[in-house]
Amino acid sequence: MSEKIIIFDTTLRDGEQSPGASMNTEEKIQIALALERLGVDVMEAGFAASSNGDFEAINKIAQIVKNSSVCSLARCVENDIIQAAKALEPAEKKRIHTFIATSPIHMEFKLKKSPDEVLKTAVKNVKLAKSLCDDVEFSCEDALRSDISFLKEMADAVYEAGASTLNLPDTVGYRIPQEMYEFFKIMSEYTKGKLILSAHNHNDLGLATANTLAAILGGARQIEVTLNGLGERAGNSALEEAVMAIKTRKDAFSNFYTQINTKEIYPSSKLLSNIIGVWPQPNKAIVGKNAFTHESGIHQDGVLKHPETYEIMKASDIGLVQDNLILGKHSGRAAFKDKLKILGFNLNDEELNRAFNDFKELCDKKKEVFDDDLIAIISAESVKIEEKFKLINLQVSDCTQALASAAISLECDNEIIKEAAIGDGVIDAIFKVIDRASKVNGFLQDYKVNAVSKGKDALAQVSVKVSFEGQKAIIGNGLDLDTMQASAKAYLAALNSYISMNK
Ligand SMILES: [Zn+2]
């Protein structure tokens, strides 16, 4: 009989820890809903005790998500576990994931605890977690550099204490697939199905997914993954890679299946990129821009004659409807709604109205509207947070010999604020005028422009990373046919996010 591989997604925890990927609560909710549509079994929504923002996001996600189990990370510390349980309170299905390091190097230098003390701390906290939540996962941090006899002792102890899943992470991304397979084989033979064994691999050597697949063959029945392979340093094992490998190589994984709705992979990946302003490298497996593009004439000819000559997967299997020209000026609301459904969006009436207006506005300015344009509009629309400052008008002038200038009018609390500023270049002038009008000072750390689809009249998607008043940097995205307008929108989005987080 075929066995299910449990998909534990940690985009919102391990993924969010990666540089430049921080999200506000509204954005996390959008990702959580996308993960639910994907059909992940468990989503790690954050680390409740780490900040008020994380606590609030987990709590909101716990209220909204119904079909996936919602999980919070917690160190083996009493307060962490209590905070996790509190944040998860409203969830229909929930899990506490607690961890402590078990490798000699971590125990000696980081924890300054003997193996015996570590074992006792783990047992005490797993018991506490179990008293607050039925489903407890325990992780031996840096398991793949831990002593195997100590891991076996730990497995017995946490099982007795109430854990049902034992996660054995390759925290530093050091292992190769053969070792991973053997490691999981030893541990699964030892635990004999009492505990669900879980793999959590990092990509420091580019082996995260290969190791995850090897772990499954060795006995892991849960894999911890992220969308786009987001995560600490070189990232985590990518959800889309592991899932599509299991699906595509049914012969090698004949005993296994996942319950992921693979048609949601592409829309979810896009949504994440749009929110954090970080796109996968073009040659990234499955979701990279080039993953389904054939450049060489011989390949193109082959694919046209028979797709399987050069394609092992269908783009439509991951929900990628390739660049087909679709809606235009004369498309009605019903066609628009249908198209959004195909792209994986389920909007309520109000969101649909707003999106339809944005679409019509775009049709007035842009001849061809591609799927990517629609995805960008909807993503920008769906993550809109409360706007303290609203852009009413922006005018810029750029004289090559003199300084550039920008004049802006913003709406704030039903009043119109007008300001002007000069800067070194137009973008500098735009950001300065916003600082002046809002009386909040921002420091720009990163600025990126991306063309959403093809053609000279493509929508510009600007992503900025700004630190306001010396606080942690925030990402803002702006979408417009005009790059200057998109830049102002992006900066204002970051500013409004900052204000909503610090109310
Ligand atoms: Zn990790």
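Each value in this text was obtained by applying a stated rule to the coordinates, not by laboratory testing. Bear in mind that the values here come from a model prediction, so they are computed numbers and not experimental data. With ideal geometry, Cβ positions are generated from the backbone for all residues, glycine too; neighbour counts draw on all protein chains shown.
Taking a sphere under 13 Å around the Cβ of I58 and counting the other residues whose Cβ falls inside, with K and R at +1 and D and E at -1, yields a net charge of 0. The Cα atoms of the chain define a convex hull whose projected area, averaged across directions, is 26.3 nm². Where does helix 426-438 land angle-wise versus the long Cα axis of the chain, in degrees 0 to 90, nearest 10? Value to nearest ten degrees: 80. The angle between the Cα long axis of helix 78-88 and the longest principal axis of the Cα atoms of the chain comes to about 60 degrees, rounded to the nearest 10. Looking at region 3-276 only, what percent of DSSP beta bridges run antiparallel? Nearest 5 please. Around 5 percent of the beta bridges assigned by DSSP in region 3-276 are antiparallel ones. Per-residue Karplus couplings for region 17-23, computed as 6.51 cos²θ - 1.76 cosθ + 1.60 with θ equal to phi - 60°, are listed in order as 6, 6, x, x, 10, 6, 10 Hz, Gly and Pro entered as x. Taking Cα centre as origin and charging only the Cβ of basic (Lys, Arg, +1) and acidic (Asp, Glu, -1) residues, the dipole magnitude of the chain rounds to 380 debye.
Over region 3-276, the Kirkwood radius and the radius of gyration, each from Cα atoms, give a ratio Rg/Rh of 0.94. Look at S438, S188, S149, S139 and count the other Cβ atoms within 10 Å of each Cβ; fewest to most, that gives S149, S188, S438, S139. Ranking N346, G231, I417 by Cα position along the charge dipole of the chain, where only Lys, Arg, Asp and Glu carry charges on their C-beta atoms, puts N346 farthest toward the positive end. In the chain, Cα pairs under 8 Å separated by at least six residues give a relative contact order of 11 percent.
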